[in-house]
Structure formats: structure tokens, C-alpha cells
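These notes are about the structure you will find just below.
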Amino acid sequence: MSNKSFKKGLRHPFAFLALAVLSATFLTSEAQTGSASINIYSARHYPTDEALYSDFTKSTGIKINRVDADDAGILTRLKAEGNASPADVILLVDAARLWRAEVDGLFLPIKSKVLEDAIPDNLRAKRTDTGGVAWFGLSTRARVIVYDKSKYKKSDLDTYEKLADPKFKSKLCIRSGSHPYNLSLFGAMTEHLGTTQTEAWLKGLVANMARNPAGGDTDQIKGVASGECGVAVTNTYYMARLLRSTNTAEKEMAEKVGVVFPNQGSWGTHLNVAGGAVAKNSKNTDNAIKFLEYLASTSAQNHFANGNNEWPVAKGVSFDNPALKAMSGGSFKSEVLPISAVGMNQIKVQQMLDRVGFK
């Protein structure tokens with residue numbers, strides 16, 4: 001089965017039926033051929049990742065069957081499938097969802113010296129009582145502030161807290177507060193500032209909005225470049241895509257926008273993590289671990305950086321992405337928070353968003 005099979009099926013109204021058929025196909029295919037394979041449920045929907053999958057198969061002989069959905073859809077399906085799930089590897093793109101899946105017991109804690117040596121402690125799950133680790137971060141995305149260079153300078157926006165300054169009234173563009181990227185940022189802010197101060201800050205963000213939250217991160221950057229907004233919040237890889245674009249209009253848009261990595265003088269810039277885990281009911285555990293170890297290799301980590309503009313997480317890995325280097329000056333201070341702390345703040349954050357009217 002092609003690794004592209006059923007990529008769109010899980011978004012369809014008959015997704016559960018499709019997945020049931022897929023589950024049977026996964027199991028039957030391997031039983032008939034006897035070939036080594038793994039089944040991946042992935043929230044990574046980036047065309048550049050195709051090279052990772054093909055390189056892994058080429059180097060190991062292990063075939064990949066893959067379905068794509070968003071984080072929430074994958075977790076829902078894993079719960080629905082239970083012990084019958086054909087999934088071996090789970091790839092998610094949000095720290096809070098990784099934490100939630102771990103808490104819900106959807107991952108199989110594993111022991112891997114390769115992964116433990118490569119991935120820093122704060123970018124993986126805590127070791128369980130049996131010595132296993134439920135998930136590992138594989139790449140990160142910095143959540144930064146972008147601004148209109150014709151109106152502001154970096155010092156105007158060198159902390160997240162300054163986004164709530166009344167000087168930016170009717171100038172802020174941001175996507176939905178309930179989007180995982182923002183929930184993780186707001187969960188981290190709650191950890192740093194406490195509930196009372198964070199809620200006051202969120203109220204300030206609402207007061208400063210140029211329009212109701214809408215669109216994705218690229219739309220926020222476009223809003224700044226067009227003059228609709230003065231400042232916005234985005235993940236770095238969206239900005240990097242524009243900086244590396246061969247489209248003249250996109251490059252001109254990127255040139256109008258400045259980038260700030262906030263809180264360099266305090267706790268550091270917020271990072272969201274994309275990570276991987278072995279599914280609790282994996283039937284191909286050894287091969288699943290091999291795949292995760294491959295994603296922590298120097299070549300795969302470089303691919304995350306150069307192919308999809310993400311920051312590599314493995315220790316000692318360097319990269320050549322010119323856009324990432326241009327934005328950050330080569331390095332930046334990132335916050336170091338336990339993912340569990342950020343995850344546990346999500347319900348509290350959503351309640352605050354409701355109270356301040358952050359849609």
C-alpha cells in the first residue's frame with residue numbers, strides 16, 4: 001500500500017468506515033506479503049516529509065502505510081479503535097496534544113538509548129516507573145511576534161507581555177485563541193505569570209485586536225504586510241516559508257515584516273513541539289522504534305530544518321536554513337518548561353478565553 005493511501009479519508013464523514021477498512025487492509029497486506037512495515041497516523045501534512053518516508057524505507061526495507069488527520073482526529077480515532085487499532089507510530093504537532101495522549105494512555109512507553117541520548121529532557125515525556133518514555137519531541141516551532149517595520153522597532157515588542165500594551169490598540173492580528181498553537185503559548189504564559197496576570201494579559205490582547213481572530217498564521221503575516229494590522233503572532237516556519245519563497249509578491253510581503261523572538265531577557269521564546277510515539281497497541285513495536293530513532297538522526301533532523309523550516313531538537317545538530325538563521329541571528333534563548341505543565345493549563349486557559357471574549 002502506498003504511504004499516501006487514505007491521506008484525505010480521515011477528514012471525510014465516513015472516516016470511521018474508511019479507517020475500519022484501512023485497518024483490515026493494513027493487517028491483511030502484511031500477513032500476505034510477509035514484508036516488514038509500519039502503520040503511521042500522522043498530523044504532519046507537509047509534502048516535504050515524503051522524502052523522509054521514502055528514505056527510511058530505502059535504508060531499512062521497512063514499508064510505510066500512512067493516514068493523515070489533525071491531532072484531535074487522530075486521538076479520537078485511537079480511542080475509538082482501542083485494542084484493534086492498527087497504528088504503530090503516532091506523529092503529532094502540538095505539545096498539549098502529546099501530553100493529553102500520554103495522560104490518556106494512548107502511547108506505549110519505550111526504552112531507546114538512541115532517542116534518550118539525542119532528545120533533551122524537556123522535549124520528551126518524563127520517564128515512567130518502568131523506565132520507558134511515552135513520546136519524544138522531534139522538531140520545534142518558535143512562536144514569535146511579527147511587526148510592521150515602517151511603524152515599529154524590535155524594542156517595542158521584545159516581550160509577549162507588550163502585545164497587551166494599549167499603544168497597540170486596534171493593531172493586533174492573531175488566529176483563534178482556541179487553536180492549539182495559541183493554547184500552548186497561553187498555557188506557558190499561565191505558568192510564567194500566574195492565572196490572574198495571564199487573564200489580564202489576554203483581556204489586553206482582545207482590546208488590541210484589529211479584527212476578530214481569523215485564518216492561519218500566514219494570514220496574520222499578510223495582515224501586517226498589507227497594513228491591516230501593525231503586529232501579529234506566528235510560528236517561525238510560516239515566516240520562513242515566505243522568506244524562502246520564489247514568488248515575488250510573497251518575498252516582497254516578507255520584506256515588509258520584522259520578526260521578534262520575545263522574552264530574550266527573561267524566560268525565552270515559547271516553543272511548540274512536534275513529536276512522535278509508539279502507539280499503545282502497536283503490532284510492530286521494534287520497527288516503530290526504528291522509525292522514531294531515524295527521525296532523530298542527523299539527516300532527518302536536517303530535513304526538518306531545511307525541508308519544513310522547523311528547528312531541529314537533537315543535540316549537536318546544525319542546519320543551513322538561511323531563513324531560520326536570518327530571523328534568529330543564528331540562535332535564540334528558548335523557554336524551558338515541562339510539557340506537562342503547559343498541558344495541564346489548557347482547561348484553565350480555555351476558561352479564561354471564554355471570560356475575556358477571545359474567540
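The values are calculated or read from the model by the stated rules, or taken from the named source; none is laboratory data. Owing to the predicted nature of the structure, the values given are computational and were not obtained by experimental measurement. Glycine gets a Cβ as well: all are built from the backbone with ideal geometry, and neighbour counts include every protein chain shown. Side chains are part of the model used for accessible areas, which takes the heavy atoms of the whole protein and leaves out ligands, DNA and RNA. Shrake-Rupley method; radii C 1.70, N 1.55, O 1.52, S 1.80 Å.
Please pick out the residue among K290, K315 that is in contact (Cβ under 8 Å) with a residue 40 or more places away in the chain, of a type in the set (D, E, K, R) and not in a helix (DSSP H, G or I). Walk me through it before giving the result.
Working: K290 fails: not in a helix (DSSP H, G or I).
Result: K315 is the single residue among K290, K315 that is in contact (Cβ under 8 Å) with a residue 40 or more places away in the chain, of a type in the set (D, E, K, R) and not in a helix (DSSP H, G or I).
Quick test for you: out of V336, V317, pick the one residue that is closer than 30 Å to H192 by Cβ, touching a helix residue (DSSP H, G or I) at 6+ places or on another chain (Cβ under 8 Å), open to solvent by 40 Å² or more (accessible area, probe 1.4 Å) and modelled with pLDDT under 95.
On the way: V317 fails: open to solvent by 40 Å² or more (accessible area, probe 1.4 Å).
Answer to the selection: V336.
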*asked:* Need the failing condition index for S245 against (1) free of Cβ contacts under 8 Å to residues at least 60 places away in the same chain; (2) outside any helix (DSSP H, G or I); (3) crowded, with 23+ Cβ neighbours inside 10 Å, just the number.
replied: (3)
*Please report, ordered by residue number, the helices (runs of 4 or more DSSP H) entirely within segment 54-166 with at least 1 residues that are in contact with a helix residue (DSSP H, G or I) (Cβ under 9 Å, 6 or more places away or on another chain) and at positive phi.*
none
*Taking only segment 339-359 into account, find how many residues are open to solvent by 70 Å² or more (accessible area, probe 1.4 Å) and of a type in the set (S, T, N, Q).*
1
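Filter segment 99-149 down to the residues that are among the β-branched types (V, I, T) and surrounded by fewer than 18 Cβ atoms within 10 Å (Cβ to Cβ), then identify the one that is nearest to I289 (Cα to Cα). Talk me through it step by step, then tell me what you get.
Taking segment 99-149 first, the residues among the β-branched types (V, I, T) are 103, 110, 114, 119, 128, 130, 133, 140, 144-146.
Within this subset, residues satisfying the condition of being surrounded by fewer than 18 Cβ atoms within 10 Å (Cβ to Cβ) are 103, 114, 128, 130.
Details: V103: 20, V114: 10, T128: 17, T130: 17 Å.
Step by step, filter segment 99-149, then rank; the result is V114.
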_Scan of segment 176-209 for residues that are over 12 Å from A164 (Cα atoms), touching a helix residue (DSSP H, G or I) at 6+ places or on another chain (Cβ under 8 Å) and open to solvent by less than 40 Å² (accessible area, probe 1.4 Å), ordered by number_ = G177, P180, Y181, L183, S184, L185, F186, G187, A188, M189, T190, L193
*Could you give every pair whose Cβ atoms fall below 8 Å, whose first residue belongs to segment 72-86 and is free of Cβ contacts under 8 Å to residues at least 40 places away in the same chain and charged (D, E, K, R), and whose second residue is assigned to a loop (DSSP other than H, G, I, E, B) and open to solvent by 10 Å² or more (accessible area, probe 1.4 Å), counting only separations of at least 6 or pairs across chains?*
K79/D104; K79/L106
*For S170, state whether it is part of a loop (DSSP other than H, G, I, E, B), in contact (Cβ under 8 Å) with a residue 12 or more places away in the chain, under 24 Å from the mean Cα position of the chain (by Cα) and more than 30 Å from D117 (Cα to Cα).*
no
